[in-house]
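Chemist: I have a structure I would like to understand better, so I am pasting it below and will then ask my questions one at a time.
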Amino acid sequence: MTRLDTICDMVPTLYIADIGSDHGFVPRTLLEKNRIKHAFVTDISPKCLDKARDNLLYHSSSVTFALGDGLEVFSPDMLSNYRPITAVITGMGGEEIKRILSRAKVEFDYYLLGAQSNIFLLIDYLNANKYEILLNKIVKEGKMFYNLLLVKHCDVVQNIDKPYLYFGEENIRTMPDDFADYVSFLLHRYEKIVKFDEKNAKNIEIYHILQNILGGKYV
Ligand SMILES: C[S@@+](CC[C@H](N)C(=O)[O-])C[C@H]1O[C@@H](n2cnc3c(N)ncnc32)[C@H](O)[C@@H]1O
């Protein structure tokens, strides 16, 4: 499965807002597959939004374009006819996704998040701010791994063991191929990181979780 196909499978609503759309391939694939009825397509860069406009020309009646930073371009009124709706924020760093979520004035029904870096920092933020992780998928494309999270706001902070919180209980129990490769890849990386900085408790914790996942300890 490609990253785009996996995103299509994970979107649970007929309406989306694609934040930082760039080329517009995420909404275009969703529209081509008839998975959604309408997409809000945004970017902070006018050049990128123009790219998305070109690539979505054929679907223009199903798309609303908006230039701006993160979720700040939305008001509750704008979304009132498009519920339930998923905010798709993929292809950015975890810090940037965290910043976008923390500044939002409008709540979405679901969020599909694809952090390219700082994934555990983002998950800690989500957990502390009462987001529940509904799905956690790892996709391998060539040499790249993509982490995709489907989350929604809930009433309480979820009390979940760290291995399941960071890596997803289903992944750990069923070990899909891409996930197993991801854990091995991360273990190599964290081996080096931990050797370089022996005092970073967070990195050591993740290193041990990775070792234990491969050792079958949480199954
Ligand atoms: C690597 S592309 C990701 C494209 C697409 N979302 C995907 O996953 O294939 C990152 C895009 O996010 C945009 N971007 C970065 N920060 C943003 C922000 N705070 N608000 C909106 N767009 C942003 C960039 O201009 C760029 O077009």
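The values are calculated or read from the model by the stated rules, or taken from the named source; none is laboratory data. Here the structure is a predicted model, which is why all the values come from computation and not from measurement. Reconstructed Cβ throughout: ideal geometry from the backbone, glycine too, with neighbour counts over all protein chains shown.
Chemist: List every residue pair whose Cβ atoms sit under 6 Å apart, with the two residues 6 or more apart in sequence or on different chains, where the first one lies in segment 9-21 and is free of Cβ contacts under 8 Å to residues at least 12 places away in the same chain and the second, anywhere, is crowded, with 24+ Cβ neighbours inside 10 Å and hydroxyl-bearing (Ser, Thr, Tyr).
Modeler: Between residues of segment 9-21 that are free of Cβ contacts under 8 Å to residues at least 12 places away in the same chain and residues that are crowded, with 24+ Cβ neighbours inside 10 Å and hydroxyl-bearing (Ser, Thr, Tyr), there is no close pair.
Chemist: While we're on this one: If I go through segment 185-213 residue by residue, how many of them are loosely packed, with under 13 Cβ neighbours inside 10 Å and not charged (D, E, K, R)?
Modeler: Final tally of qualifying residues: 3.
Chemist: Additional query: Please specify each residue of segment 14-34 satisfying the condition of being buried (at least 16 other Cβ atoms within 10 Å of the Cβ), away from the ligand (no atom under 12 Å from the Cβ) and not in a helix (DSSP H, G or I).
Modeler: 14, 15
Chemist: Give the residues of segment 50-62 that are surrounded by fewer than 21 Cβ atoms within 10 Å (Cβ to Cβ) and not hydroxyl-bearing (Ser, Thr, Tyr), sorted by residue number.
Modeler: Once the filter is applied, which keeps residues that are surrounded by fewer than 21 Cβ atoms within 10 Å (Cβ to Cβ) and not hydroxyl-bearing (Ser, Thr, Tyr), segment 50-62 yields 50, 51, 53, 54, 55, 57, 59.
Chemist: Would you be able to say whether some residue in segment 121-128 is outside the structural domain of residue 177 (by TED's automatic domain parsing) and in contact (Cβ under 8 Å) with a residue 60 or more places away in the chain?
Modeler: No, segment 121-128 has no match at all.
Chemist: Being among the acidic types (Asp, Glu), touching a strand residue (DSSP E or B) at 6+ places or on another chain (Cβ under 9 Å) and either surrounded by fewer than 19 Cβ atoms within 10 Å (Cβ to Cβ) or modelled with pLDDT of 95 or more (or both) is true for just one of 107, 141. Which residue is that?
Modeler: Answer to the check: 107.
Chemist: Does segment 176-189 contain at least one residue that is of a type in the set (D, E, K, R) and at pLDDT below 95? Explain how you work it out, then say what you get.
Modeler: From segment 176-189, those of a type in the set (D, E, K, R) are 177-178, 181, 189; that's our starting set.
Remaining after also requiring at pLDDT below 95: none.
No.
Chemist: I need every pair where a residue in segment 89-104 that is basic (Lys, Arg) has its Cβ under 7 Å from the Cβ of a residue that is near the ligand (Cβ under 9 Å from one of its atoms), sequence separation at least 6 or different chains.
Modeler: 103/70; 103/72
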